[in-house]
Amino acid sequence: MVGVERPFVEIDDVSMRYGGAEGTLALRHTNMRVAKGEFVAVVGPSGCGKSTLMRLVTGLWPPSAGSVIVAGHEVDGPLSVAGMAFQAPTMLPWRTILQNVMLPLEVVEPHRRRLRANRAMYEEKARKLLALVGLAGFEHKNPHQLSGGMQQRASLCRALIHDPQLLMLDEPFGALDVFTREDLWVELQGVCEVLKPTVILVTHDLKEATFLADRVLIMSARPGRIIAERTVPFPRPRNLDLTYTQPFQELVHDLREHISAARRGEEPAAAPSPEEATHAA
Ligand code: ADP
């Protein structure tokens, strides 16, 4: 492919079955491509395998069949090029916000071996990230002293502290009230503008997907696979007024119709291959 950059994430014909040959088939013959620097949102009915897809891309689980390639390498264990944030901010309560944000540096190489000698530099970096999401001055607070939205901002900083090339967000704003959530969309967009990571966001919020993503992928009901995609045409930076415009609402409506159809099971279901039955997790 001369002149065409290889996708940063390549999911090829991936199937995933939990719990042995008779277990739950979560994904079936799933294909997905994400370009370097692209922001992709994955939406689909509850239980369709969105979180499973995230676990496979980050190497937390091996697929039952097919291959997952990130940055040109087959994923065969937890990915150090990825930063992750989930619905619950999962801050360690006995650590300050700054210490929580710096946690990945104690785990991920090459930062781990550099941390002791370069602590001041890394602390400065953590402070800058916290300032970027409006948390300057909260570095030495403990998590319980911050609101849910502030903790989620901090958890975003923790996901970004080791300069991940790939940011994986699994319903990161799902537990927040709508105003905080929308503020964080704008903050996340700002952070991505500066750091330019490749992002995969799993969400059930179709407005969130449309506001943030370059492209929205729609999954079928379980066993999940990508059944449709929509390119989001709105220029960046986007502001929240966009969400009240007709083109935005039409795109959200179009996505909603796809999800409703997927929930009604209107996608053709193929029989599982013998491979899926035998290569079970
Ligand atoms: P989603 O994130 O779209 O809600 P998940 O990926 O969490 O869906 O789950 C897809 C399916 O796989 C669900 O039916 C769920 O019950 C099942 N599943 C998820 N994790 C496990 C697990 N560790 N063991 C067994 N089944 C699981």
Item to check | Residue list for the stretch 4-17, filter: more than 10 Å from the ligand (Cβ to nearest atom) and over 19 Å from residue 82 (Cβ atoms) | outcome: 4, 5, 13, 15
Checklist entry - In this structure, is residue 243 outside any strand (DSSP E or B), of a type in the set (Val, Ile, Thr) and surrounded by fewer than 23 Cβ atoms within 10 Å (Cβ to Cβ)? => result yes
Checklist entry - So which residues in the stretch 105-131 are open to solvent by less than 20 Å² (accessible area, probe 1.4 Å) and under 14 Å from residue 160 (Cα atoms), if there are any at all? => result 105, 122, 126, 129, 130
Checklist entry - Which is touching a residue at least 12 places away in the same chain (Cβ under 8 Å) and open to solvent by 30 Å² or more (accessible area, probe 1.4 Å), of 134, 83? => result 134
Checklist entry - Condition test on residue 189, is it of a type in the set (S, T, N, Q), open to solvent by 10 Å² or more (accessible area, probe 1.4 Å), farther than 25 Å from residue 259 by Cβ and modelled with pLDDT of 90 or more? => result no
Checklist outcome for this item: Subset of the stretch 214-240, residues open to solvent by 60 Å² or more (accessible area, probe 1.4 Å) and part of a strand (DSSP E or B), comes to 229, 230, 231
Next on the checklist: For the structure I just gave you, tell me whether residue 158 is at pLDDT 90 or above and closer than 15 Å to residue 101 by Cβ.
Outcome noted: yes
Checklist entry - Can you pull out the residues in the stretch 18-31 that are open to solvent by 10 Å² or more (accessible area, probe 1.4 Å) and either more than 9 Å from the ligand (Cβ to nearest atom) or within 16 Å of the chain's Cα centre (by Cα) (or both)? => result 20, 21, 22, 28, 29, 31
Checklist entry - Quick check, is residue 37 open to solvent by 10 Å² or more (accessible area, probe 1.4 Å) and either near the ligand (Cβ under 8 Å from one of its atoms) or part of a loop (DSSP other than H, G, I, E, B) (or both)? => result yes
Checklist entry - Would you say residue 176 is modelled with pLDDT under 90, assigned to a loop (DSSP other than H, G, I, E, B) and in contact with a helix residue (DSSP H, G or I) (Cβ under 8 Å, 6 or more places away or on another chain)? => result yes
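The values are calculated or read from the model by the stated rules, or taken from the named source; none is laboratory data. Bear in mind that the values here come from a model prediction, so they are computed numbers and not experimental data. Please note: Cβ atoms are built from the backbone with ideal geometry, for glycine as well, and neighbour counts cover all protein chains shown. In case anyone asks, the SASA skips ligands and DNA or RNA and just uses the protein heavy atoms, side chains included. Shrake-Rupley method; radii C 1.70, N 1.55, O 1.52, S 1.80 Å.
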